[in-house]
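A.B. asks: Dumping the structure here so I can ask a few things about it.
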Amino acid sequence: MSSLRRLALVVVVPALAVGAFAPASFADAPVGSSAAGTGIVADAGYAAWRADDGHVVLRTAGGEQVPTKLTPPKSAILDVGADPEWDAQLVWAESCSLRKRTCIVRSASLSPAGVEQVRGIARIPYRGGGSPAVAIDGKRLAYAVHGTTGSGKRKSACDVPYVLTVSPRGRSPRKLDRGHCAAISQLDVGDGSVAILAHPAVQYGTGATEARVVKAGGGHSRTLQREAQGEESNYLGAVSLDRGSLYTARGGIRQANAFTRIVLASGRRTDARAFVNLEGSFARDGGRDYYAQTVGYETSTDCPCLVVAGDDPFSAAQRTLAPELSLSAAPQPVYVDSAPSAVATLSRRTVSKTAVVGTAPVAGVPVELLSTNVAGGPVNQQPPAPTGVVATTGADGTATLPVPG
């Protein structure tokens, strides 16, 4: 059996994961990677996500990435918001107890130097249902309390959003309109509103996701976008408020993956094609998008998504996507007694809101060949390991790497 048949070939471009590509005007730049997926949050000039070891990674408005020692609980839902004393703050809920029926909300104050201090800022009610969604903007904290409706097979989640003003005096929270019953997986606060990512129960299919908005001071909840899950589903992975609009990122297979902007005052909706596979994680801050882009390195289970800092797809006439990698074998066909090579091709596409307008090779980038034995099938596949074979892409964006025997 040939080496090519025994190995699942993977090409890794180290520069993709650390943002080594200098972003041109209207260019999306990879700034990190995740092997298992990660939530992304952003506000007040800071973005944050989890590294594979569980530590929080910070990125400032200037593009600097600051390592931290923060390791919130794996299930905790993160949010970044403005801080009355520092540049920004990262919040999450922890120490949730059904016996005490409370969770503690922690806040990590952020500056260009990193994390300044971590403190508990509030206790919120807890009724089970996993880690509660929390979000903050200055002293305004939003959170969700789990609830249910119905019984037996008809029992479903009916979570309720609240807001409170963080204060040493412990001001009373305000209950917000939840709309029709749903589980709440994420919140965002800004522009005097609370955005809600809701998962209502459905009679048919596997579920639905809805982007809702309610005024922080009260009033009726409005559902601004809905995506259904089924055999050919689409979904919303996150909601984000920025400059008077609600933003979402739609993943899935029924309709094209896209970024959506809905103006809160008028309800006007604009879609911009993503032209990449969106994992669901998404945040918007000051006109910049942060999103998780899934990538398929052949049959590898390693590194399934990149964290990308993208320019505004709604204001740019054209934008350049993050570099994309493809892999093929040479020569073709490959025989048992041949000496096969892996041919990696690195390129960047330029797109408008609705179409691909060009593709250009990316030269001068080192790539490394990894391998994994897949004889036992995907279930028994081991993480890819280095082969020691490295090459650099040429003017045509390709690199040829000999497959070890």
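A.B. asks: Keeping every protein chain in place, order Asp87, Asp137, Asp242 by accessible area at 1.4 Å, biggest value first, i.e. largest first. Before the final figure, lay out each step's value.
C.D. replies: Values: Asp87 75, Asp137 55, Asp242 15 Å².
If we order Asp87, Asp137, Asp242 from most to least accessible, we get Asp87, Asp137, Asp242.
A.B. asks: So what J values fall out for the range 240-256 if you push phi through Karplus, 6.51 cos²θ - 1.76 cosθ + 1.60 with θ = phi - 60°, rounded to Hz, Gly and Pro as x?
C.D. replies: For the range 240-256, the Karplus curve yields 8, 9, 7, 6, x, 9, 9, 10, 9, 10, 9, x, x, 10, 6, 10, 4 Hz.
A.B. asks: So for the pair Lys100, Glu64, with labels modelled 7 Å out along Cα→Cβ, what separation do we get in nm?
C.D. replies: Spacing of the two 7 Å Cα→Cβ label points: 3.6 nm.
A.B. asks: Could you work out, for the range 30-188, what percent of all Cα-Cα pairs fall into each 10 Å distance bin, beginning at 0 Å and stopping at the bin that holds the largest distance?
C.D. replies: Taking every Cα pair in the range 30-188, the percentages come to 11, 39, 33, 15, 3, 0.
A.B. asks: Report ³J(HN,Hα) in whole Hz for each residue of the range 159-165, in order, from the Karplus equation J = 6.51 cos²θ - 1.76 cosθ + 1.60 where θ = phi - 60°; Gly and Pro get x.
C.D. replies: Per-residue couplings from phi come out as 6, 10, x, 9, 10, 8, 8 Hz.
A.B. asks: Let me ask something else. Among the aspartates and glutamates, select those whose C-alpha is under 14 Å from the C-alpha of Lys155, and discard any that sit fewer than 8 residues away in the same chain.
C.D. replies: Straight-distance partners of Lys155: none at all.
A.B. asks: Compute the semi-axes of the equivalent ellipsoid of the range 118-210, taking the square root of 5 times each eigenvalue of the Cα gyration tensor, and list them largest first in whole Å.
C.D. replies: 27, 14, 11
A.B. asks: Would you work out which of Gly63, Pro404, Ala385 lies farthest towards the positive end of the dipole of the chain, given +1 charges on the beta-carbon of Lys and Arg and -1 on that of Asp and Glu, about the Cα centre?
C.D. replies: After comparing all options, I get Gly63.
A.B. asks: While we're on this one: If we sort 29-35, 350-356 on the protection proxy, mean other Cβ atoms within 10 Å, highest first, what's the order?
C.D. replies: 29-35, 350-356
A.B. asks: Under a Cβ-only charge scheme (Lys and Arg +1, Asp and Glu -1), can you give me the dipole magnitude of the range 137-279 about the Cα centre, in debye to the nearest 20?
C.D. replies: 560 debye
A.B. asks: Near the amide H of Val389, under 5 Å away, which other amide H atoms are found, from residues 5 or more places off or on another chain, if H is placed in the peptide plane?
C.D. replies: HN-HN under 5 Å from Val389: Leu369.
A.B. asks: Ordered by residue, what ³J(HN,Hα) values in Hz, to whole numbers, does the range 109-115 give under the Karplus form 6.51 cos²θ - 1.76 cosθ + 1.60, where θ = phi - 60° and Gly and Pro are x?
C.D. replies: My calculation for the range 109-115 gives 6, 10, 9, x, 7, x, 8 Hz in order.
A.B. asks: How far apart, in nm, are two points set 7 Å out from the Cα along the Cα-to-Cβ line at Arg171 and at Ala395?
C.D. replies: 6.6 nm
A.B. asks: Once all Cα-Cα distances of the range 62-111 are split into 5 Å bins that start at 0, what whole-number percent is in each one?
C.D. replies: 5, 17, 24, 24, 15, 8, 4, 2, 1
A.B. asks: At a Cα cut-off below 18 Å, give the aspartates and glutamates reachable from Lys215, other chains included and same-chain residues fewer than 8 away excluded.
C.D. replies: Asp137, Asp159, Asp177, Asp188, Asp191, Asp242
A.B. asks: Could I ask something else about it? Return the Rg/Rh value of the chain, two decimal places, where both radii are evaluated on C-alpha atoms and Rh is the Kirkwood radius.
C.D. replies: 1.01
A.B. asks: Taking only DSSP H segments of four or more residues, each worth -39500 (n - 2.57), what value at 222 nm results for the chain once the sum is divided by all its residues, to the nearest 500 deg cm²/dmol?
C.D. replies: My calculation for the chain gives -500 deg cm²/dmol from helical runs alone.
The values are calculated or read from the model by the stated rules, or taken from the named source; none is laboratory data. Just so it is clear, the structure is predicted and the values come from calculations on it, not from any experiment. Cβ coordinates were reconstructed from backbone atoms using ideal geometry, including for glycine residues, and neighbour counts include every protein chain displayed. Accessible surface areas use protein heavy atoms only, side chains included; no ligands, DNA or RNA. Shrake-Rupley method; radii C 1.70, N 1.55, O 1.52, S 1.80 Å.
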